[in-house]
Each structure stands twice: as C-alpha cells, then as structure tokens.
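In what follows, a single structure is set out as structure tokens and then discussed.
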Amino acid sequence: MGWQQRIAAALAEQHAAAAYRRRVPNRGGNGRQLVQNGRPYLNFSGNDYLGLSHHPAVIAAWQQGAADYGVGAGGSGHVTGYSEVHQRFEQRLAGWQGYPRALLFISGFAANQAVLAALLQADDRVLADKLSHASLLEAALHAPSGLRRFAHNDAAALARLLEKPISGETLVVTEGVFSMDGDAAPLKALAAEAAAHNAWLLVDDAHGIGVVGEQGAGSCRQQGVRPDLLVLTFGKAFGVSGAAVLCDDATAEFLLQRARHLIYSTAMPAAQVCALDAALTALIEGDALRERLHQHIRRFRDGVAGLPLQLADSATAIQPLIVGENQAALDLAARLRERGIWVSAIRPPTVPPGSARLRLTLTAAHRPDDIDTLLEALHALCG
Ligand code: PMP
C-alpha cells in the first residue's frame, strides 16, 4: 500500500469515527483558567488538582534550583545526571510513604513501561484491572508475559484468574483512583487476593496522591494497604511532572540494573527535583487546599444531581459526565466552549466504546463561583 496511503487511510478512519485527536495550543493559564486565541476559559480539564503548578514556593524552588544546578541533568542517572538533590528527594519520598526505596523517573508513562518491561518474563502473567491506564496496559501487552484483564474493581473476578496455576510469577495491576472515572479501587480486597496467591501488587496512584488520604498520602495509605510496587506521578496534584516507583531495596537495585527508561534516558533536571521537593511540602501541608477541592466536588455533584446526565461514582477531582456517543460528547464540549468553559471530550479507545464522556476535573485553584458557572451552563444546555 505504501506509507503515504497507509497514513492517509488511518487519518480518514479516525475522522469517520469522530475520533480524530487535535491539540489546541493555548497561552497557558493557572490551573483555573487558560487563554486560547485571546479568549479566557475556565479550565475544567486539567490535572493540577491542588493548583500547585503556580504555587509561589514551587516556582521559587525551581528558579533557585536552576540557578544552583543549571536547567539540565547533563546525562542519565547512571552517568552524571544523579545528584545529591535527587538522592535526598528519593529518600524523602520513600520515608513519607513508608518504603525502603524510591526511584525517580521522568514520567509516569516511562515508569510503568520500565517496571513492567524489567520485571516480566515469558512464563509470568499480568492481571490488570480492565480500566487501567494505557501506560500499564500497553506495557503489559508488549511484555513477553501473558496479560489478562479482570472486570473493573472486581476482586472476585481477580480471584478467579489467580486460581489458575502458572509456572511463573503473577503481577496484579490497578490504579488507586481511576483516571477516566475518578472512582477508587478496592485496594484491601485486591491486596488480600494477591497476597493469598503469592502475587505482587502494583498500584499506580497518579490521581489519588495529594488528593485523598491523610495529608494527601494517597489511596494506599487511605485504605491501609502497602503494595509491593507503588507508582506516583508528579504531573497531577504535585503540579510538576515526573514519577517515582516505591519498592523494597532489592527491587530498586534490580530496576537500576534493568529499567531501560532509567539507564538510557537523561535524568530529571535537579532544578525540577527542587520544585518537586517544595511541591511535596505544599502537598503535605495542603489540608486547606484539599478541603477547598472537596467543597467544590460536593458543590458540583449536588448541582448536577437534577440533570439527565450520568455522573460517575467518584469522590475525587475527576468528575466525568458520561454522554455515550462520540459526536454527542464533542458537541457538548463545543457548546460549553462557546460559553467560556474548557472541557475535553474523551472518546474510545481511551474509554470503553459507547462511553464517550466529558472528563470534568476540579481543582483547588477554582473558586466556588467557577463551579456555579459550570453548573449554570450544564443546566442551560442539558436541563
Ligand atoms: N498513570 C496514570 C493512571 C495516568 O493517568 C497517567 C497520565 N495521565 C500516567 C500514568 C502517565 O503519567 P505521566 O503523565 O507522568 O507520563
């Protein structure tokens, strides 16, 4: 067929399915707002759940870090890119979460790919929640091991898969808070099943860390479980970017030998680590921010209750409105934009077929009247 024809056919297919993805450049914002084509929009699509991306102490720490250490790490961690700043922050993270070790990665996607690729062998299997993030499912699909998905948040379904004997090892994979639905995993039940079958449990708490649990310590602390592998990402409540994998000492050493995304990739800049350190302080001390966010969540859910819209079972910053068909979700997002409200329509394959949605997200950076503006628009368009 030839490259050009193949690419043209793929693009035509995306269009036909109302699944064409576009990036729209904006002129930045502050978690609460963004400006596009000179017009300000209220932003209900970001992951900056506590508004820390614009926290003065976090910005100052990054600036000071850049002045002290430059803007780039200058090499991978195994060469020259790993500094005492990195080491101190890893130790602080590990201590905070009660693990012997933490390893920094430049993104959550890289962390998940690296961990699964390093750990899994051909006779192993991954048992993953059906709604796990693409970075987890893709890593499992590309691994030499088998992948089976279990019904969303269904510990009994996981148990049935675990009953089947296997010669290798089993890794159970789930999220603390699901990225597209905002609901929480039953971590205690999943951890008990995994432990009963000598399987390891990996929890990706990208959307729970900073938002739930005492002092924002996340889903695992909130539910009283300690998975074998805990993945935290820093592009959400931390307001920065990057990720960490928390684990025992031997596993950390093993990852340092085998995790290719660490070994062959430039390390996170030390200045960014300085910003993350300040963000961690703000996050731990951020009860007032969390309270504000949770007030917004209650205000939003109460306000939507009377509308013919399907709300997800979510107590977190992610409050999707399930619309169904792709085009209907796109149309509703477009009409909200006309009213100065920025929301993204999320379509398959990111979410299951027939469940296209507006993935609304709330942040402590919003003001109460921003939530009211959103509710008024939804009542006008859907009421
Ligand atoms: N895990 C989950 C659950 C996510 O939602 C995301 C990103 N949205 C990632 C991992 C990837 O993290 P990052 O953006 O740091 O690559």
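When you check ILE371 against the structure, is it more than 20 Å from the chain's Cα centre (by Cα) and among the β-branched types (Val, Ile, Thr), yes or no?
On the way: more than 20 Å from the chain's Cα centre (by Cα): yes; among the β-branched types (Val, Ile, Thr): yes.
Considered against the rule, which asks whether it is more than 20 Å from the chain's Cα centre (by Cα) and among the β-branched types (Val, Ile, Thr), ILE371 comes out as yes.
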Any hit, the stretch 330-343, residues being touching a strand residue (DSSP E or B) at 6+ places or on another chain (Cβ under 6 Å) and closer than 24 Å to SER132 by Cα = yes
Here is a list of conditions, (1) more than 20 Å from ALA315 (Cβ to Cβ); (2) within 14 Å of the ligand (Cβ to nearest atom); (3) surrounded by 24 or more Cβ atoms within 10 Å (Cβ to Cβ), and GLY242 meets all of them except one; can you say which number that is?
-> (3)
Can you pull out the residues in the stretch 274-306 that are of a type in the set (Val, Ile, Thr), at pLDDT 95 or above and within 15 Å of LEU321 (Cβ to Cβ)?
-> ILE297
Going by the conditions given, is SER265 in contact (Cβ under 8 Å) with a residue 40 or more places away in the chain, more than 12 Å from the ligand (Cβ to nearest atom), surrounded by fewer than 24 Cβ atoms within 10 Å (Cβ to Cβ) and within 16 Å of GLY72 (Cβ to Cβ)?
-> yes
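Every residue, every condition in (1) crowded, with 21+ Cβ neighbours inside 10 Å; (2) within 16 Å of the ligand (Cβ to nearest atom); (3) farther than 19 Å from PRO353 by Cα, yes or no:
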{"position": "HIS133", "(1), (2), (3)": "yes, yes, no"}
{"position": "LEU136", "(1), (2), (3)": "yes, yes, yes"}
{"position": "ALA139", "(1), (2), (3)": "yes, yes, yes"}
{"position": "ALA143", "(1), (2), (3)": "yes, no, yes"}
{"position": "GLY146", "(1), (2), (3)": "no, no, yes"}
{"position": "HIS152", "(1), (2), (3)": "no, yes, no"}
{"position": "LEU158", "(1), (2), (3)": "yes, no, yes"}
Can you run down the residue pairs with Cβ atoms below 8 Å, 6 or more apart or on separate chains, where the first is in the stretch 234-262 and over 26 Å from VAL177 (Cα atoms) and the partner is within 12 Å of the ligand (Cβ to nearest atom)?
-> ARG260/ALA114
Can you tell me which residue among ALA114, ALA118, ALA73 is within 12 Å of the ligand (Cβ to nearest atom), touching a helix residue (DSSP H, G or I) at 6+ places or on another chain (Cβ under 6 Å) and small (Gly, Ala, Ser)?
-> ALA114
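Kindly indicate whether ARG357 is modelled with pLDDT of 90 or more, basic (Lys, Arg) and within 22 Å of VAL212 (Cβ to Cβ). If you could, list the steps in order and put the result at the bottom.
Numbers: modelled with pLDDT of 90 or more: yes; basic (Lys, Arg): yes; within 22 Å of VAL212 (Cβ to Cβ): yes.
Yes, satisfied.
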Mind checking whether some residue in the stretch 1-15 is crowded, with 20+ Cβ neighbours inside 10 Å and either part of a strand (DSSP E or B) or not aromatic (Phe, Trp, Tyr) (or both)?
-> no
In the set LEU321, LEU360, LEU378, the lone residue that is touching a residue at least 24 places away in the same chain (Cβ under 8 Å) and part of a helix (DSSP H, G or I) is LEU378
Of all the strands (runs of 3 or more DSSP E) wholly in the stretch 93-212, which have at least 2 residues that are in contact (Cβ under 8 Å) with a residue 60 or more places away in the chain and not β-branched (Val, Ile, Thr)?
-> 101-105, 200-204
Of the residues in the stretch 47-61, those that are touching a strand residue (DSSP E or B) at 6+ places or on another chain (Cβ under 8 Å) and surrounded by 23 or more Cβ atoms within 10 Å (Cβ to Cβ) come to TYR49
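The values are calculated or read from the model by the stated rules, or taken from the named source; none is laboratory data. Keep in mind that what you see is a predicted model, and the values were worked out from it rather than measured. Cβ: placed from backbone, ideal geometry, glycine included. Neighbour counts: every protein chain shown.
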